[in-house]
Amino acid sequence: MAAASTWLKPTPWININHPSIQSQAHLLTSPHSTSKSKALAIFRFVRDDIKFGFSPSFYNINASDVLAQKIGFCTPKTTLFVALCRASGIPSRMRFASLRADVLYGFGIPLEKLDHGYAEVMLDGKWVQVDSYTVDSELAEKARERLRSEGRKCGYGIDLEGTTEWDGERDAYVQKTAGNLIEDWGDFEDVEGFYGSNKVTQNHKYSWPFTLALRFLLSGPNNRIVEVRDEKI
């Protein structure tokens, strides 16, 4: 098992030395004295200031660009969360899993299963897993209302059995719940490490025509996300 110091290093995607990452990490964590309180400040920022949605870059985006664009789904938001944690001296790493696509019901995503990026953070001497920053609080609240009215447990980015909260002590998931998990692939250096790994089959590597098509298809899901978020309760 790699030493904790391994999970403090930059990668081309987790570009912790970028000035914007350094500045944002300092802004978020300077009022706090413990690793847990710093991690929770980063968590709240990534959850609510980076809105859930899809940029044209899809998952192929580094942390500083996620921060600049202020939009992302599970994997880009995990890239940013891990970068801000590492920039704050908190060992953290990316993990990947395959999930049922039911969690994105209602957004018009044409997939049967999803590659899901989430984080693992070293706090108080143990690794704690979290993906509950994936969906911003505003969208999650509206999603819960829709699911309850439709008699569904999963969709619009969330699982009703999940949570958008995290205490820094226990694992917390909004998407990677037991009911959605198909397979956990483990930890990877970054998003490129996942898609380039021998542990991952070719089925996970989106073809360039599919990736190109996504750039033109994502406006539909993004419009649906905004519609749900802006819905009056």
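The values are calculated or read from the model by the stated rules, or taken from the named source; none is laboratory data. What you see is a predicted model, and the numbers here were worked out from it, not measured in a lab. Note that we place each Cβ from the backbone using ideal geometry, even for glycine, and neighbour counts take in every protein chain shown. Heads up: the accessible areas ignore ligands, DNA and RNA and are worked out on the full protein's heavy atoms, side chains in. Shrake-Rupley method; radii C 1.70, N 1.55, O 1.52, S 1.80 Å.
Once you keep just the Cα pairs under 8 angstrom separated by 6 or more residues, what percentage relative contact order results for the chain?
On the way: 435 pairs, mean separation 52.3, N = 233.
Worked out over the chain, it gives 22 percent.
Taking the square roots of 5 times each eigenvalue of the Cα gyration tensor of the stretch 1-129, largest first, gives ellipsoid semi-axes of 25, 17, 13 Å. Per residue, the convex hull spanned by the Cα atoms of the chain measures out at 119 cubic angstrom. Whole-Hz Karplus values for the stretch 33-46 come out as 10, 10, 4, 5, 5, 5, 4, 5, 5, 5, 4, 5, 5, 5 Hz, taken residue by residue from phi with 6.51 cos²θ - 1.76 cosθ + 1.60 and θ = phi - 60°; glycine and proline positions read x. Against the chain, whose longest principal axis comes from its Cα atoms, helix 208-217 is set at around 70 degrees.
What trypsin sites (Lys or Arg not before Pro) in the stretch 2-81 are in a loop by DSSP, with at most 16 other Cβ atoms within 10 Å of the Cβ?
Working: sites: 36, 38, 44, 47, 51, 70, 77; in loops: 70.
Answer in residue order: 70.
How large is the Rg to Rh ratio of the stretch 73-185 when both quantities use alpha carbon positions and Rh follows Kirkwood?
On the way: Rg = 13.9 Å, Rh = 14.3 Å.
Expressed as Rg/Rh, it is 0.98.
Cross-link pairs exceeding 21 Å in C-alpha to C-alpha distance, out of 113/153; 51/142; 36/142; 77/113, comprise 36/142.
Do me a favour and compute the ellipsoid semi-axes for the stretch 79-131 from its Cα gyration tensor, root of five times each eigenvalue, largest one first, whole Å. Show your work: numbers first, answer last.
Values: eigenvalues 158, 25, 12 Å².
That gives 28, 11, 8 Å for the three semi-axes.
Annotation: residue 26 carries an accessible surface of approximately 120 Å², with a 1.4 Å probe and no ligand, DNA or RNA atoms counted. Computed from backbone phi with θ = phi - 60° and the Karplus coefficients 6.51, -1.76 and 1.60, the 3J(HN,Hα) list for the stretch 163-169 is 8, 9, 10, 7, 9, x, 10 Hz; x is used for glycine and proline. A Gaussian network model of the chain, with springs between Cα atoms under 10 Å, assigns the largest mean-square fluctuation among 177, 34, 164 to 34. Compared with the dominant Cα axis of the chain, that is its longest principal axis, helix 219-229 is turned about 90°. Per-residue Karplus couplings for the stretch 123-132, computed as 6.51 cos²θ - 1.76 cosθ + 1.60 with θ equal to phi - 60°, are listed in order as 9, 6, x, 9, 7, 10, 9, 7, 9, 6 Hz, Gly and Pro entered as x.
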